[in-house]
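The values are calculated or read from the model by the stated rules, or taken from the named source; none is laboratory data. What you see is a predicted model, and the numbers here were worked out from it, not measured in a lab. Here the Cβ positions follow ideal geometry from the backbone for every residue, glycine too, while neighbour counts run over all protein chains shown.
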Amino acid sequence: MTQVLELKIGWLYPTLMSTYGDRGNVIAIQQRAQWRGINVEVIPYDRDSDPDLIHQVDIMAGGGAQDRQQEIVMRDLAGAKAAAIKAKLDAGAPGVFTCGSPQLLGKFYEPGLGEKIEGMNIIDLETKHPGIDTQRCIGNVVFEITAKRLAAELTELLGGQKPLIVGFENHGGRTFLGPNAEALGKVIKGYGNNATDGTEGAFYHNAIATYSHGPLIPKNPFIADWMIKTALQNKYQTEIDLAPLDDSLADRARAAMLKRLEIN
Ligand code: GLN
C-alpha cells in the first residue's frame with residue numbers, strides 16, 4: 001500500500017493580504033495536490049497565530065494588499081514571526097509571495113502615504129512608492145524566469161520549454177534589488193520591479209517573490225507543481241515525481257494572452 005502524502009499550506013494573512021485575488025494561488029496549489037491524491041491542509045497564519053505555527057507548514061503563500069493593510073501586517077510580523085518565516089525559508093520551504101508580500105520581505109517599504117514600513121529584512125530589496133499621483137504599474141505582464149536554479153528546474157518540469165510567466169500586475173511601489181538579491185526574471189512585457197531595470201521579482205532559497213498577480217499560479221500551473229514537488233521532497237527526503245495533469249485549458253489561455261501581447 002503506497003503512503004498517502006500530506007501537504008500543509010501556510011496562508012499568510014488571508015483576510016488582510018488578499019486584495020488582488022491571490023487566494024487563487026492557494027486554491028490552485030491545494031487542488032493540484034489533491035488531484036494527485038495528496039492530503040492537503042490550508043493553515044491560516046494570521047494576527048492571532050503563534051509565530052512557531054509556520055514551522056508546521058510545508059509551503060507558504062502570501063498575497064497582495066493596499067498600503068494600509070501592509071502596515072497593519074508588518075506591525076504584526078515584526079520580531080518573532082519575521083524570524084520564524086526567515087528560518088523556514090532559509091531551511092528551503094517553497095513559497096509564493098505576491099506584490100505586497102515581497103515588499104514586506106525586503107528591507108523596507110515607503111508607501112505612497114504614511115510612514116516608512118520597516119520590512120522583515122529577509123530579501124535584499126527595498127521598495128519606494130513614488131507618490132499617489134504617480135502612475136501605478138498596472139497591466140498584463142510577461143517575464144522569463146532567469147533565477148538560475150529555478151529556471152533549470154522549471155525547464156526540466158516543462159520538458160525543455162523556456163519558463164515564461166504570464167500574469168497581471170497592479171502596484172504603485174517600485175522595488176530595487178540589492179547586490180545580494182537574485183532577480184526572479186527578466187521582463188518581456190510590462191513593468192516588473194520598477195519599470196526601469198527590466199527585472200521582475202526576486203528568488204530567495206525556494207521563495208518566489210513576484211509582482212505578478214493573475215493570480216499567478218492558475219495562469220502558470222507548473223509553478224504549483226514545482227512548489228508541491230519541492231515541499232514534498234523536503235518533507236519526505238526522497239525524490240517525488242508528480243503525475244502529469246491535463247493543463248490544456250491553462251495552456252490555451254496562456255497562448256491566447258501571448259498572442260494578444262504579440263509575444264512568440
Ligand atoms: N500596496 C502595494 C503597492 O501599491 C502593493 C500592491 C499589491 O499588493 N498589488 O505597491
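List of remarks:
- Strands (runs of 3 or more DSSP E) contained entirely in the stretch 29-137, each with at least 2 residues that are closer than 18 Å to residue 10 by Cα and within 13 Å of the ligand (Cβ to nearest atom): 95-98
- Candidates are the residues of the stretch 176-223 that are of a type in the set (A, V, I, L, M) and within 20 Å of residue 119 (Cβ to Cβ); the one that is nearest to the ligand (Cβ to nearest atom) is 209.
- Only one entry in 214, 201 is buried (at least 17 other Cβ atoms within 10 Å of the Cβ) and over 19 Å from residue 59 (Cα atoms), namely 214.
- Count of the stretch 190-218 residues, restricted to those that are over 13 Å from the mean Cα position of the chain (by Cα) and either assigned to a loop (DSSP other than H, G, I, E, B) or farther than 21 Å from residue 134 by Cβ (or both), is 9.
- Residue in the stretch 138-175 that is farthest from the ligand (Cβ to nearest atom), counting only those that are of a type in the set (A, V, I, L, M) and either at pLDDT below 95 or under 19 Å from residue 19 (Cβ atoms) (or both): 141
- When the stretch 98-144 is filtered for residues that are closer than 25 Å to residue 80 by Cα and either of a type in the set (A, V, I, L, M) or touching a helix residue (DSSP H, G or I) at 6+ places or on another chain (Cβ under 6 Å) (or both), the ones remaining, listed by number, are 100, 104, 105, 109, 111, 117, 119, 120, 122, 123, 125, 127.
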